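First comes the structure, then the notes that go with it.
The values are calculated or read from the model by the stated rules, or taken from the named source; none is laboratory data. This structure is a prediction, so every number in the text was calculated from the model and none was measured. Cβ: placed from backbone, ideal geometry, glycine included. Neighbour counts: every protein chain shown. To get the accessible areas, we keep the full protein, side chains included, count just its heavy atoms, and leave off ligands, DNA and RNA. Shrake-Rupley method; radii C 1.70, N 1.55, O 1.52, S 1.80 Å.
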Amino acid sequence: AVLKKRLVKLVVNFLFYFRTDEAEPIGALLLEHCRITKEEENVFSISFIEEPERKYCFECDSEEQCQEWIEALKRASYEFMRRSLIFYRNEIQKMTGKDPLEQYGISEEARFQLGTRKQ
């Protein structure tokens with residue numbers, strides 16, 4: 001394994017990585033269907049379900065920083081955000097008796113259905 005120093009930036013569910021001397025990213029990881037794992041002190045890894053043998057390792061300056069990155073990356077996926085939205089929507093509906101998304105034209109029937117429509 002080759003250790004390369006990179007700067008990283010998390011934007012929604014993309015982890016962009018940069019060379020330390022360049023402003024444009026040299027790549028990005030889409031944080032979907034991935035596993036974030038604590039490897040050792042100050043080190044965590046990202047691996048993908050479709051490609052489990054390939055692992056991206058990241059070393060942080062401290063244990064605290066490492067834990068912060070792990071938590072942020074775990075919350076970054078669409079699936080996590082979707083589950084959170086469904087949970088909070090249901091909680092608000094229980095408390096108020098109203099669907100908080102109804103005002104935005106999102107009906108109960110269309111609630112977070114996945115798949116494509118046949119036309």
Once you have the Cα-Cα distance between residue 80 and residue 43, take 0.36 nm times their residue separation minus that, and quote the gain in nm to one decimal.
-> 11.0 nm
Obtain the nm distance between the two label points defined at residue 95 and residue 10 by a simple spin-label model: each point lies 7 Å from its Cα along the Cα-to-C-beta direction.
-> 2.5
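Please compute the per residue accessible area over the chain with all protein chains in place, 1.4 Å probe, rounded to a whole number of Å².
Details: 9380 Å² over 119 residues.
Using a 1.4 Å probe on heavy atoms only, each residue of the chain averages 79 Å².
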Segment residue 19-residue 2, extension gain: residue separation times 0.36 nm, minus the distance between their alpha carbons | 4.7 nm
From the coordinates shown, P(r) over Cα pairs in 10 Å bins from 0, in percent corresponds to which of [x] 13, 42, 29, 13, 3, 0; [y] 11, 32, 26, 18, 11, 1; [z] 10, 12, 10, 9, 9, 8, 7, 7, 6, 5, 5, 4, 3, 2, 1, 1, 0 = [y]
